[in-house]
Amino acid sequence: MENTTASIRHSFDLSGRWALVTGARGLALGMADGLSQAGARVVLMSRTCPENPAYPFIQADLSDRESLKKGFNTVMELTGGRLDILVNCAGIQRRHECEAFPLEDWDEVLEVNLTACFELCQLAGSVMLKQGKGKIINIASMISFFGGIRIPAYAASKGGIAQLTKSLAVAWSGKGIQVNALAPGYMATDMNTALLEDPVRSASILGRIPAGRWGTPEDMAGPCVFLASDASDYVSGAVIPVDGAYLVY
Ligand SMILES: NC(=O)c1ccc[n+]([C@@H]2O[C@H](COP(=O)([O-])OP(=O)(O)OC[C@H]3O[C@@H](n4cnc5c(N)ncnc54)[C@H](O)[C@@H]3O)[C@@H](O)[C@H]2O)c1
């Protein structure tokens, strides 16, 4: 029994593993802290650097494919060419009526939320395939399942994240790489300032969350560590809600 306890604890241990997390505030930081507490060496990559970043920070604009590639190469220089964990968390939101949704906003949302994720999966996947081991965690959304309101580009991008995750899981599960997604519910971060500041919308959202509260970045830490660790070696292609039971209500 003691051996089992020791080995299950060991299976969650990320000591010495390199983790790249895109995004540098909100949910990204909640997951970065979780990975770091489990022993991983975390690197953040984002467009804007937070004040006094707690982890090494690499600047890259994920709406620009050259900048993304350059940023990834810089990360690889820092890690000596190794990457054990990729968390694709950077994302943006744009809200307009569907019939008037500007195509520039559509392009930007799809580029940052979906295409950049795919490109990073390809770059990280190439490294992980050589290692014969790796973990990719994409950040989906409740809007991978629902249509949302005034957010057609975001809905298309997050629906795409769920399907991309499944496609890569099928391709790489036999090669030692697990690809999964976390689907956060309604989380109190800067991305949701507009909803949080609208008393009618925020009350109606809260009333529909069985857990009785909005989620926080810290709520993402445990599920992220699980998917980053050996404990989830037979879990691949899953889209796991982290939502206080919102999805099943
Ligand atoms: N907050 C929620 O309720 C919620 C719910 C479901 C899914 N999500 C998803 O979780 C992820 C993180 O959300 P959050 O709430 O922490 O958002 P946030 O706005 O607080 O953080 C987004 C991060 O992405 C980075 N980013 C944006 N555009 C970028 C670009 N062009 N290049 C590089 N970095 C860029 C920002 O710098 C920032 O660090 C997103 O993918 C979002 O869609 C959030």
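The numbers here are math on the coordinates, done by the rules we state, and not lab data. From a predicted model like this one, the values you see are computed outputs, not experimental measurements. All Cβ positions, glycine included, derive from the backbone under ideal geometry; neighbour counts span all protein chains shown.
Just going by the charge dipole of the chain, with Lys and Arg at +1 and Asp and Glu at -1 on Cβ, which of Gly71, Ala203, Ser36 is farthest out on the positive end? Result: Ser36, furthest along the dipole toward the positive end. State the Cα centre-to-centre distance between segment 69-125 and segment 174-249 in whole Å. A separation of 19 Å, based on Cα centres.
For the chain, the Cβ-based charge dipole about the Cα centre amounts to some 580 debye (Lys, Arg positive; Asp, Glu negative; other atoms uncharged). With a cut-off of 12 Å between beta carbons, the residues surrounding Ser67 carry a summed charge of -1, where Lys and Arg count +1 and Asp and Glu -1.
Lysine pair count for the chain with Cα-Cα distance under 14 Å and sequence separation of 8 or more or different chains is 5. Counting only GluC sites (Glu not before Pro) that DSSP places in a loop and that have at most 16 other Cβ atoms within 10 Å, the longest clean stretch of the chain runs over 98-196.
Please work out the Cα convex hull volume for the chain and give it in Å³ per residue. All intermediate terms of the calculation are to be shown ahead of the outcome.
Numbers: hull volume 33.3 nm³, N = 249.
Measuring per residue, one finds 134 Å³ for the Cα hull of the chain.
In segment 106-249 the Cα-Cα distances spread across 10 Å bins starting at 0 as 12, 38, 34, 14, 2, 0 percent of all pairs.
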